[in-house]
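Data first, discussion second: the structure below is written as structure tokens.
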Amino acid sequence: MRYDLDDLRLFLGIVAEGTITGGARRMHLSLPSASARVRALEHHAGVELLIRGRRGVRPTPAGATLARHARDVLDRTARLDSAVASYTRPPAAPLTLLCGGSARYRLVPQALVTFLRAHPDVDVTVSERRTPGTLRLLADAEADLGVVVDAEARDRGLVTEVLGDDSLVVIGQAGGALAGRSGLTYSEVAEHPLVGLDSGSSLRRWIEKHLGPGAPVARHRTTVADLNVLVALAAAGVGLAVVPRRAVDPDHPLDVCELREPWARRRHLLARGAKEGPPAPAVEALAEHLRRAGAQPSAPRTSHTVDKSAVSDPFPTAVRRSYRSGS
């Protein structure tokens, strides 16, 4: 049988959203039109593809198989379109992806590696923005995609979907002050020496905003501009640090504890620019690579690795060199 590519995109959207309404919204279709397309797809396939329930839909085994192959088909189609178009038109403007500070570590780099390898003729401009700035640019159709924090992205009128967890955790040297602890409040964290990001960082501003004027006074032994350096300092035992869980390598020799504050529970959302019409194939392909990166596991909920030899020198060579040279 022949498959319509838009039907495949719609089906993937429905599976991702868990509802036909959500999939229709992604494709800018009415609910009746989307439902009719799904029924036609099932009719031609000769098998039910979705299990319909009161709270949404989920794929049948046949539907899961279709979804898996549809992702490959759409990815290859986008690559084909890009390769052929490169001979018939000038190079297209690069895609614009906006993201916050925590998304720049692991999530966005992972997505870029796979996307740029798969689409050699498509360029991507990545800019760091705090969520409010990202949402303004997306609403003005000045960017294609943005990775934002859910708590700041409500009621903005943009199409969004959940990418993954961006909760904050407390990290420290393996076998150190966090040993045996499963979670701490910020007041308990502030009883220990801390290391943190510079005052201008989006994460530092987020924390201070939610702590408010009555926040406990914390001693920061030092502040740095780079999240990787911050993790290395905490691993070396310089002080505890509050960081996004996704910024911590699951294999890093650290103790990781929950930060027991309501505002520490965050999620990354993928937000789309307010451009008319269905998304360009390259934009949809980049969105799919971001989804895959968002589905990758983050650091474990707790990690108590006490092999001291593994943390005797946690700093990357480049970091040690920069400190020694005074840069």
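The values are calculated or read from the model by the stated rules, or taken from the named source; none is laboratory data. Everything quoted here is computed from the prediction, not taken from an experiment. Heads up, the Cβs are rebuilt from the backbone with ideal geometry, glycines too, and the neighbour counts pull from every protein chain shown. Ligands, DNA and RNA are stripped out before the accessible areas are found, and what is left, the full protein with its side chains, is counted by its heavy atoms. Shrake-Rupley method; radii C 1.70, N 1.55, O 1.52, S 1.80 Å.
Overview of results
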{"read-out": "Hey, residue 15 under 24 Å from the mean Cα position of the chain (by Cα) and open to solvent by less than 80 Å² (accessible area, probe 1.4 Å) or not", "value": "yes"}
{"read-out": "Count of region 158-194 residues which are closer than 28 Å to residue 293 by Cα and touching a helix residue (DSSP H, G or I) at 6+ places or on another chain (Cβ under 7 Å)", "value": "15"}
{"read-out": "Failed condition for residue 289, given (1) at pLDDT below 90; (2) closer than 21 Å to residue 24 by Cα; (3) open to solvent by less than 20 Å² (accessible area, probe 1.4 Å)", "value": "(1)"}
{"read-out": "Sole exception among (1) open to solvent by 40 Å² or more (accessible area, probe 1.4 Å); (2) within 20 Å of residue 163 (Cβ to Cβ); (3) within 19 Å of the chain's Cα centre (by Cα) for residue 282, by number", "value": "(1)"}
{"read-out": "Filter result for the condition that a residue is touching a residue at least 60 places away in the same chain (Cβ under 8 Å), exposed (fewer than 15 other Cβ atoms within 10 Å of the Cβ) and not aromatic (Phe, Trp, Tyr), over 180, 175", "value": "180"}
{"read-out": "Residue check, residue 269 open to solvent by less than 40 Å² (accessible area, probe 1.4 Å), modelled with pLDDT of 90 or more and assigned to a strand (DSSP E or B)", "value": "yes"}
{"read-out": "Residue satisfying all of: in region 204-249; part of a strand (DSSP E or B) and free of Cβ contacts under 8 Å to residues at least 40 places away in the same chain; least open to solvent (accessible area, probe 1.4 Å) among these", "value": "224"}
{"read-out": "Where a residue in region 19-39 is over 18 Å from residue 4 (Cα atoms) and open to solvent by less than 70 Å² (accessible area, probe 1.4 Å) and its partner, wherever it lies, is assigned to a loop (DSSP other than H, G, I, E, B) and not aromatic (Phe, Trp, Tyr), with Cβ under 9 Å and at least six apart", "value": "19/55"}
